[in-house]
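Enquirer: Please see the structure below; I have some questions.
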Amino acid sequence: MIALMGKRISRREALAGGVGIAATPLARFVPDAWIQPAGPKPVVISAANGNTDLNGGTETCVARAFRMITEGADVLDALIAGVNIVELDPTDTSVGYGGLPNADGVVQLDACCMHGPKKWAGGVAGLEGVKTPSLAAKAVMTHTDHHLLVGAGAQQFAREMGFEILPDLNTELSRRLWLEWKRRTDPDHYLDPTKREEAGRRVSMQMVNEGKIDPDHYYGTINCNGINSAGDVCGVTTTSGLAFKIPGRVGDSPILGAGLYVDNAIGAAGSTGRGEANLYNLCSYLIIEEMRRGASGKDAGMTALKRVAENTEHRLRAANGNPNFGLNFYILDKAGRHCGVCLSGHSRYAVCDEHGPRFADSDPLFP
C-alpha cells in the first residue's frame, strides 16, 4: 500500500491510474516518467560538404536527412536522400556526377551503406555511368546476398535494377580540370613507371595550392550517419575517389569497416581523407570496437588516428615525423552523441538536430 494526499491505495491502483490518484497531475505524470525512458534525440552528422551543397534547392544533406527522419522515414533512406543532393550537384567535384575522374578521364564512383537495425550492408566500387552510387549500393544491399559489386558487373547490375546509365559522368568543370592535370603531367601522359605516381601527386598538389582544386575534394567523399528517436543507427559513404587516380583504384569508401561501419547497438563511424591509410588499419571498425569496450567516441577516434600515425610509411611523413596527409572520422554513438576527429590542423563536420543544421569543429590528433 502507498499513501497519497492522505488516502491509502494499492500499488496496482496507482499504476493503473485508479480513482484514488487519477485526479492529481502527479499521478498522471509518474507512470510515463518512470516506466517510459526517453530515447535518443534524432541527429545527423556528415562531412562538411553535407552542410554546404544545395544543388539549387533549399536543403543541405544533413537538413534533408534530419527532416525525413523526424517525419518517420527509414534512417538509411533519409541519409541516402541527403547525400543524393551532393552526388547530383555538378559543382561538387568530390562525389557523384562531376566528380574528378581517374587518370584516363573516366569518372569511377564508390559507395557503401549499412542498415543497423536490419544488419544489412551493400557497396559498389569502380562504378561508371551512374550518378548516385549510394542508391546503387542500397540496391546491392536490398536485392542481393552480396556486400560488394565492382566495375562492369556493378554497372550491369545497376542497369538491371533500372538505373540510368550515362556514357560519361564528367561535367565541363571536371573535364577541364582533368585536361589541365594531364597537360601538366606530360603531353603524352606516359611517364617512367617509377616516377609517374610521384609526378602525378606533385602536379595535383600544385593545382590544389593554386586554388584550382578544392583541397577537400582532392580525396573527395561524403560520409553521413544518423539516428532516430527509436535508436536506429544507419550510415552511408559515397565518393568519386582520389582525383586522377590510377584506373581501377578503389579506396576505403566502399569497404565495410574502413569507409563506414555501423553497429546498431554501438553507433556509426565513417571517414574522408586518404583511403589507403584507413584501409591499412580498418579504422571505422576499430572505432566501433573501441566504443564497444566503453571508450567515448572522441577517445575511440583518437585511438584510430594514433594507429594510422604509427603505421604510416616513411615516404608519407612530414619533416616533423607526422603523416603528411589528411584523414577525418565522423562518429555517432547509440545515445546520439557525436564528434569529429582529424589527423591535424583545423577541420569541421556538419550536424543537424533540433537546433538546425550547422558546423562543428573536429578534434585533431596533432593540433
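The values are calculated or read from the model by the stated rules, or taken from the named source; none is laboratory data. The structure displayed is predicted, hence computed values, not measured ones. A quick note on method: Cβ atoms are made from the backbone with ideal geometry, for glycine too, and the neighbour counts reach across all protein chains shown.
Enquirer: All but one of (1) at pLDDT 95 or above; (2) over 17 Å from the mean Cα position of the chain (by Cα); (3) over 30 Å from Ala230 (Cα atoms); (4) not acidic (Asp, Glu) hold for His355, so report the exception by its number.
Expert: With respect to (1) at pLDDT 95 or above; (2) over 17 Å from the mean Cα position of the chain (by Cα); (3) over 30 Å from Ala230 (Cα atoms); (4) not acidic (Asp, Glu), His355 is out only on (3).
Enquirer: Would you mention how many residues in the range 340-355 are surrounded by 21 or more Cβ atoms within 10 Å (Cβ to Cβ) and part of a loop (DSSP other than H, G, I, E, B)?
Expert: Looking only at that region, the number is 1.
Enquirer: Looking at the range 195-215, I want the residues that are more than 21 Å from Gly98 (Cβ to Cβ) and in a loop (DSSP other than H, G, I, E, B) and have a partner that is among the β-branched types (Val, Ile, Thr) and at pLDDT below 70 with Cβ atoms under 9 Å, at least 6 apart or on another chain. Which pairs are those?
Expert: Correct list of pairs: empty, since none qualify.
Enquirer: How many of the residues in the range 81-90 are surrounded by fewer than 24 Cβ atoms within 10 Å (Cβ to Cβ) and under 18 Å from Met141 (Cα atoms)?
Expert: 2
Enquirer: In the list Gly72, Gly50, Gly20, Gly6, which residue meets the criterion of being modelled with pLDDT of 95 or more and farther than 30 Å from Asp361 by Cβ? Spell out the reasoning first.
Expert: Values: Gly50 fails: farther than 30 Å from Asp361 by Cβ; Gly20 fails: modelled with pLDDT of 95 or more; Gly6 fails: modelled with pLDDT of 95 or more.
It is Gly72.
Enquirer: Looking at (1) under 16 Å from Gly235 (Cα atoms); (2) not in a helix (DSSP H, G or I); (3) not polar (S, T, N, Q), can you tell me which one Gly105 breaks?
Expert: All conditions pass for Gly105, except number (1).
Enquirer: Find the residue count for the range 280-308, including only residues that are out of contact with any helix residue (DSSP H, G or I) (no Cβ under 7 Å at 6 or more places or on another chain) and either touching a residue at least 60 places away in the same chain (Cβ under 8 Å) or crowded, with 18+ Cβ neighbours inside 10 Å (or both).
Expert: Selection size over the range 280-308: 8.
Enquirer: If you don't mind, there's one more thing I want to ask. Quick one: what pairs do we get from the range 67-84, first residue among the charged types (D, E, K, R), second in a helix (DSSP H, G or I) and at pLDDT 95 or above, C-beta under 9 Å, 6+ apart or different chains?
Expert: Partner pairs satisfying both residue conditions: Arg67/Ala78; Glu71/Ala78; Asp74/Met68; Asp77/Met68; Asp77/Lys138.
Enquirer: Can you give me the ranges of the helices (runs of 4 or more DSSP H) entirely in the range 119-189 with at least 1 residues that are over 25 Å from Asp92 (Cα atoms)?
Expert: 133-143, 151-160
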